[in-house]
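I have placed the structure first, in the form of structure tokens, so that the comments after it can refer back to it.
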Ligand SMILES: Nc1ncnc2c1ncn2[C@@H]1O[C@H](COP(=O)(O)OP(=O)(O)OP(=O)(O)O)[C@@H](O)[C@H]1O
Ligand SMILES: [Mg+2]
């Protein structure tokens, strides 16, 4: 029973990792950009939610109504004002710029909110759980996170493959030059993609902040979890990020069960093993 | 020259330090079909890209319908009414046939061409509309590329090497459809490796050699030897 | 073209070279003119210059943008500690051992991370550094998560304090000069030619038979070996090691990347300029703590927007000369 519980909890936390991964996968798919500040934006969104809640007294989940559009707007602006100017054949400039953003953001959060760890309080949602088997309880919050992840990935999938915005994303990703002579403006397309990615980041940040303590420096490891989920699932595959997240979550759970010090290590090792045997991930869609 | 739709004057285009076009001037009238011939690397595709705004000329002017296109984005130029079937087709490979066509109509210029009309001209595309565009045969892909360009209802259509990589029968089919495609009074510039065919279908021609115009005029006004001399620079 | 002579150097670069040589001798003689605190500062500058040169070799010349070189700095530190504690070796002799071990370990690492392309390669190297850090924290023989110190007796073996400091200084000096010379001679060798060809056109050079994969692997392993050696020496001076200090991404990767990018990536001189500027800024701004880091981040972003070739690139484009001529120039 103990092991079943480990696996069930691992699957559920995998939903959170999929949320970290989906935004990353999205912008890589559209513009071949890896945003090194991705994890820091997740943490930034958590703090933004914290401020919103203190100012308005909203429930953490309701704060999404404010945090999601705000983060999307920030993403749109950063893409138009900054990232579009360094995107090109050379992959170094965008990497360095997002790396710089990461350092700046961490230290802005540090000076504004101090290094103390914080947590958002979601009240009764955090305590309640559904017993499924003897010794296996599914908490409301982990379940909600997982459901949100599935819903968001389904939504992104729909947007990507069934809407005109998604068509613009795919066309620009396939051949940006030709997309432009069809009348698309690459810079705007990229900005929308970043806005969307940051909207997902906002959701990830709020769920992260309800489930665990957060501090200004936990961004990079969230970036790494998201990245590992992307690679495990297969490049360009949105549903793959969910599978990647689940594998990562389960591996970490098993590691922690063996020895608490092994939790993170086990996740990384699972990632490296999959990289060794299936370099393109389990279900790749793009090369 | 009041009816000329496109006027290119003293165009010079560089890729880095290498000059690809050395001062080219040409005009094309409304409804005319102009053939652009020349050997590999003559600068034909570069001329097309300059007209579409994909590359920025260093000097010279391009006027479309009496308006300069200098400094305009490729998207703006498409909105003004120029469309291109690029060399090698360059279909969007993660889009279906129909999505490729729809994207071609992204600028929503009014005109005769609709999805339905494209399907009427190329019935096979309707059958294959949900297939990934690049899963089609070469000839069918070329039809998608043509349809995609038509969907913006252009007034000037640039066709770059329609026959590239296609079997002779397929080429013949596509050229047989050409009058249907161009029937709406569109001006067209056609790049074609097969000089005889290019001369047959066009009113005028321009022959390029190493970034310059080596010969131009009425398509039926020159002998085979004269054209071949201009083509190879001998 | 009548008489074209192809040379690597110009008048200006020869003069600059002589000046640089004089400066080098002056720095090499630091133990005789610098006080203890200054000597320590110069030692640290040499460490960063060496690390920056290695990162520049990877990212600027081989296109391998790693954000995980702190894996090798920490590895070097732990290897040195292991050699000293378990094999009873002299700390300085453990440095070449660390270099060899670092090279050997970097081969399987490369086999893994080279599967990731472009920007994902960068994060892959970061994961490897995380694995190293977490593994070190699991090894109780080297102190686990809290780390351990070098026994005083071991340091005493290196001599009295002034002698010891001088010895460490010369080792650091040799490592740093060695690192720069390694880059210089690599670039002038056939490897350098191949790297230039790859940088100019990856597809064309692969069809010309340039073994891109093998050359990148070679550069990666060489950089790993040198970085491991620098790491070993860094922790000789620190006397204490812990996973968080040894595998600090800020100290050994973020700063190093910012140094190279601000100074000028893809040039030998860039890391030198960047290191000097970094320490200058640190002298004045380090008290600001977090704000100092924000300034560095903003500078890196600013450089990428305004002058992607860095400060040295700006200078060169204005005056066209170099101290380390690795390219050819045609003179008429
Ligand atoms: N993107 C580019 N970068 C650098 N040089 C280019 C580029 N595209 C074309 N060129 C060069 O410009 C010149 C003209 O090329 P262009 O493609 O316009 O010729 P073309 O007449 O279309 O030839 P083809 O019949 O082979 O299609 C050639 O010398 C070519 O090498
Ligand atoms: Mg061409």
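In the stretch B:32-41 there is at least one residue matching the filter, namely being outside any strand (DSSP E or B), under 15 Å from residue B:156 (Cβ atoms), away from ligand 2 (no atom under 13 Å from the Cβ) and touching a strand residue (DSSP E or B) at 6+ places or on another chain (Cβ under 6 Å). For the stretch A:218-234, check the following and say yes or no: at least one residue is within 15 Å of the chain's Cα centre (by Cα), more than 12 Å from every other protein chain (Cβ to nearest Cβ), over 23 Å from residue A:45 (Cα atoms) and not in a loop (DSSP other than H, G, I, E, B). Yes, because at least one residue in the stretch A:218-234 is within 15 Å of the chain's Cα centre (by Cα), more than 12 Å from every other protein chain (Cβ to nearest Cβ), over 23 Å from residue A:45 (Cα atoms) and not in a loop (DSSP other than H, G, I, E, B).
Which is in a helix (DSSP H, G or I), more than 8 Å from chain C (Cβ to nearest Cβ), within 20 Å of residue A:3 (Cβ to Cβ) and in contact with a helix residue (DSSP H, G or I) (Cβ under 8 Å, 6 or more places away or on another chain), of A:261, A:249?
Matching residue, one of A:261, A:249: A:249.
The numbered conditions (1) over 28 Å from residue B:50 (Cβ atoms); (2) within 13 Å of another protein chain (Cβ to nearest Cβ) are all true for residue B:103 except (1). A search for C-beta distances below 7 Å between a residue of the stretch C:295-310 that is within 7 Å of another protein chain (Cβ to nearest Cβ) and any residue that is outside any helix (DSSP H, G or I), counting only pairs 6+ apart in sequence or on different chains, returns C:304/A:86; C:305/A:86. Of the residues making up the stretch B:36-49, those that are near ligand 1 (Cβ under 8 Å from one of its atoms) and away from every other protein chain (no Cβ under 14 Å) are B:38, B:39, B:40, B:41, B:42, B:43, B:44, B:47.
Rundown of residues vs (1) more than 28 Å from residue B:103 (Cα to Cα); (2) away from ligand 2 (no atom under 16 Å from the Cβ); (3) surrounded by 18 or more Cβ atoms within 10 Å (Cβ to Cβ); (4) at pLDDT 90 or above, yes/no style:
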position	(1), (2), (3), (4)
B:146	no, yes, yes, yes
B:156	no, yes, yes, yes
B:167	no, yes, no, yes
B:171	no, yes, yes, yes
B:185	no, yes, no, no
B:189	no, no, yes, yes
B:192	no, no, yes, yes
B:220	yes, yes, no, no
B:226	yes, yes, no, no
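Only one entry in B:50, B:25, B:45 is in a strand (DSSP E or B) and in contact with a strand residue (DSSP E or B) (Cβ under 8 Å, 6 or more places away or on another chain), namely B:25. For residue B:6, the test of being more than 14 Å from every other protein chain (Cβ to nearest Cβ) and within 15 Å of ligand 1 (Cβ to nearest atom) is failed. Within the stretch B:123-141, none of the residues are surrounded by fewer than 22 Cβ atoms within 10 Å (Cβ to Cβ), within 14 Å of chain A (Cβ to nearest Cβ) and within 21 Å of residue B:187 (Cα to Cα).
Answer yes or no as to whether residue B:24 is within 15 Å of ligand 1 (Cβ to nearest atom), in contact (Cβ under 8 Å) with a residue 12 or more places away in the chain and touching a helix residue (DSSP H, G or I) at 6+ places or on another chain (Cβ under 7 Å). For residue B:24, the condition - within 15 Å of ligand 1 (Cβ to nearest atom), in contact (Cβ under 8 Å) with a residue 12 or more places away in the chain and touching a helix residue (DSSP H, G or I) at 6+ places or on another chain (Cβ under 7 Å) - is met. When residue B:52 is tested against (1) away from chain A (no Cβ under 14 Å); (2) more than 10 Å from ligand 1 (Cβ to nearest atom), just one condition goes unmet, and that condition is (1).
Among the residues in the stretch B:169-188, are any farther than 24 Å from residue B:116 by Cβ, in a loop (DSSP other than H, G, I, E, B) and without any contact (Cβ under 8 Å) to a residue 24 or more places away in the chain? No: the stretch B:169-188 contains no residue that is farther than 24 Å from residue B:116 by Cβ, in a loop (DSSP other than H, G, I, E, B) and without any contact (Cβ under 8 Å) to a residue 24 or more places away in the chain.
Among the residues making up the stretch C:86-118, those that are touching a residue at least 60 places away in the same chain (Cβ under 8 Å) and more than 14 Å from residue C:234 (Cα to Cα) are C:90, C:100, C:101, C:102, C:103, C:105, C:106, C:107, C:109, C:110, C:114.
Take the residues in the stretch C:267-286 that are within 14 Å of chain A (Cβ to nearest Cβ) and over 20 Å from the mean Cα position of the chain (by Cα); name whichever of them is surrounded by the most Cβ atoms within 10 Å (Cβ to Cβ). Checked the stretch C:267-286; the qualifying residue surrounded by the most Cβ atoms within 10 Å (Cβ to Cβ) is C:285.
Being in contact (Cβ under 8 Å) with a residue 40 or more places away in the chain and within 16 Å of ligand 1 (Cβ to nearest atom) narrows it down to one of B:64, B:92, B:14, so name that one. Spell out the reasoning first.
Numbers: B:64 fails: within 16 Å of ligand 1 (Cβ to nearest atom); B:92 fails: within 16 Å of ligand 1 (Cβ to nearest atom).
On inspection, the qualifying residue turns out to be B:14.
For residue B:158, the conditions (1) more than 21 Å from residue B:190 (Cα to Cα); (2) assigned to a strand (DSSP E or B) all hold with the exception of (1). From (1) in contact with a strand residue (DSSP E or B) (Cβ under 8 Å, 6 or more places away or on another chain); (2) modelled with pLDDT under 95; (3) within 12 Å of chain A (Cβ to nearest Cβ), pick out the condition that doesn't hold for residue B:76. Only one criterion is unmet by residue B:76, namely (1). Residue C:82: within 29 Å of residue A:98 (Cα to Cα) and away from chain A (no Cβ under 14 Å), yes or no? No; evaluated as a whole, the condition is false for this residue.
The criterion of at least 2 residues that are in contact with a strand residue (DSSP E or B) (Cβ under 8 Å, 6 or more places away or on another chain) and more than 10 Å from chain C (Cβ to nearest Cβ) is met, among helices (runs of 4 or more DSSP H) falling completely within the stretch A:1-111, by A:2-31, A:38-56. Residue check, residue B:8 against (1) within 16 Å of ligand 2 (Cβ to nearest atom); (2) closer than 20 Å to residue B:211 by Cα; (3) within 17 Å of the chain's Cα centre (by Cα), all met but one. Which one? Answer for residue B:8: the failing condition is (1).
The values are calculated or read from the model by the stated rules, or taken from the named source; none is laboratory data. Predicted model, so just to flag it, every value in this text is computed and none were measured. Cβ coordinates were reconstructed from backbone atoms using ideal geometry, including for glycine residues, and neighbour counts include every protein chain displayed.
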